[in-house]
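The values are calculated or read from the model by the stated rules, or taken from the named source; none is laboratory data. Predicted model only: the values in this text are computed from it and were never measured. Cβ: placed from backbone, ideal geometry, glycine included. Neighbour counts: every protein chain shown. These accessible areas exclude ligands, DNA and RNA; they are computed on the full protein's heavy atoms, side chains included. Shrake-Rupley method; radii C 1.70, N 1.55, O 1.52, S 1.80 Å.
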Amino acid sequence: MAFINHFAEAEDELKYVHDERTSRLKATRAVIILGPLIFLGFFMMTPVFSSNQAFATFNITTMVIVGFFALAIFATTNRHYIEWRWLDMLPFVAMTIAAAVLMAVLLRTTAANDLDITKISVVFFGLIYFIASVAFVANVKLFVIWAIGTLGVFIGFMDNHGIDVDEMYHTIVNISFFLLFAIFSNWEADRRARAMYVARQELNQERKKTEKLLYNVLPQAVATRLRAGEVVADSFSDISVVFIDIVGFSKLSKQLTPGHLVEQLNGFFLIADQCADRYGIEKVKTIGDCYLAVSGGTASNGPGAKDAVSFAKDVIAEMQSRATEGGIDIQLRVGIHSGPVVGGVVGTNRLAYDYWGDTMNIASRIEGAAEPNGIAVSAATYYQCTGSHEFDLPETITLKGVGDTVIYRIKPDIAE
């Protein structure tokens, strides 16, 4: 950044200005209110205003400047104030004009009261520059223009009113100290604010990366509950569990090199992920060559037995298309069962939202009974899919650990 701080990208500059002026809006209003109060107090304590004529001029000027500052405060409530940085100049231009009027009154009465106008000018400009350095938010360029312009106007004012050259020189030098300090203060505040803005942007980027990684592991709602310190444990009365497994994976692993095998697995999981996104299915985890998903859980639609079957059919169809293109015949088996499960997060390392219950076990057993490139579903799933998918006639099979179970088979058209 150059002396006049500015971001290289226009978008960053606009966003910084918007954020900084928005965050300091209340402080800006407080300074605008403080300005005329200091102005009033300073001139009310000046003894020259005890004369009727001077006091009348003071009252009129005071009413005008207070009204102008009230207008400036009102301007800060306008939705365009954040973008219109030139509005910062208005109250201080008004204060400068008011000061010129009152100093003219002082000059007309200074001989009678033996009042040093130049010393009053130094004090006044010190106050106004200090207030302005705080009030010009994300606005260094305009502040410098206003501050130097104000000093130039005052030099002309002194010259027109016959101030001695030596006294004018000393007054300008003294005011310049306040001016340089005010410019440095405004510039330094802007520089620090920009550094903080950059740090916040970088922190936000890192936070987004962290959240993205976290949301890849946990559903967003679950991650929010965990960060709040909540124990995550849920009960679902009706959920459809999908188990997808590669047929003959052990044999396939002996035929392919490790790199090629991982490539094929990655292709399978990628297809399953894409299909899951398409139907709003929640991927739970992968176990070796098995892909476990649910429909109707924390991060999925539904109860969604119909979507679960559609998802399974698409995964098989797309894997068959990949097998045709790659020349490696990889077949899948799918088992689906619907019923109650319990979900939650346990442990402290490698957090994951998992599901437990008989429904999970039954779905796993049904998957083992499916034909290659076929889908087997339980009766509970079948009755939820009536009218949406066509199934073969029911079969009663014996599942290990479950007993006699009625299943229905379906095969994607592309697989036939």
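Can you name the residue in the range 133-152 that is modelled with pLDDT under 75 and in a helix (DSSP H, G or I) and is also farthest from residue 184 (Cα to Cα) among such residues? In this case the residue turns out to be 135. Taking the range 378-402 as the range and being in a loop (DSSP other than H, G, I, E, B), touching a strand residue (DSSP E or B) at 6+ places or on another chain (Cβ under 9 Å) and not charged (D, E, K, R) as the test, the residues that pass are 385, 389, 391, 393, 394. Taken over the range 161-218, the residue count meeting the criterion of being farther than 30 Å from residue 346 by Cβ and among the charged types (D, E, K, R) is 10. For residues that are open to solvent by 70 Å² or more (accessible area, probe 1.4 Å) and small (Gly, Ala, Ser), scanning just the range 378-416, find the one that is nearest to residue 243 (Cα to Cα). Restricting to residues being open to solvent by 70 Å² or more (accessible area, probe 1.4 Å) and small (Gly, Ala, Ser), the top hit is 401.
State whether one or more residues within the range 253-275 are over 20 Å from residue 373 (Cβ atoms), free of Cβ contacts under 8 Å to residues at least 60 places away in the same chain and touching a strand residue (DSSP E or B) at 6+ places or on another chain (Cβ under 8 Å). No, that holds for no residue.
Closer than 25 Å to residue 398 by Cα, in contact with a helix residue (DSSP H, G or I) (Cβ under 8 Å, 6 or more places away or on another chain) and touching a residue at least 24 places away in the same chain (Cβ under 8 Å): does that describe residue 278? For residue 278, the condition - closer than 25 Å to residue 398 by Cα, in contact with a helix residue (DSSP H, G or I) (Cβ under 8 Å, 6 or more places away or on another chain) and touching a residue at least 24 places away in the same chain (Cβ under 8 Å) - is not met.
The requirement of being assigned to a helix (DSSP H, G or I), touching a strand residue (DSSP E or B) at 6+ places or on another chain (Cβ under 6 Å), closer than 30 Å to residue 214 by Cβ and open to solvent by less than 30 Å² (accessible area, probe 1.4 Å) is fulfilled somewhere in the range 366-377, by at least one residue.
Annotation: of all residues in the range 217-247 being part of a helix (DSSP H, G or I) and in contact (Cβ under 8 Å) with a residue 24 or more places away in the chain, the one that is least open to solvent (accessible area, probe 1.4 Å) is 222. Taken together, 179, 214, 151, 203 contain a single residue that is surrounded by 15 or more Cβ atoms within 10 Å (Cβ to Cβ), more than 21 Å from residue 84 (Cβ to Cβ) and under 27 Å from the mean Cα position of the chain (by Cα), which is 214. The residues on offer are 397, 336, 414, 330, and the sole one that is modelled with pLDDT of 95 or more and of a type outside the set (D, E, K, R) is 336.
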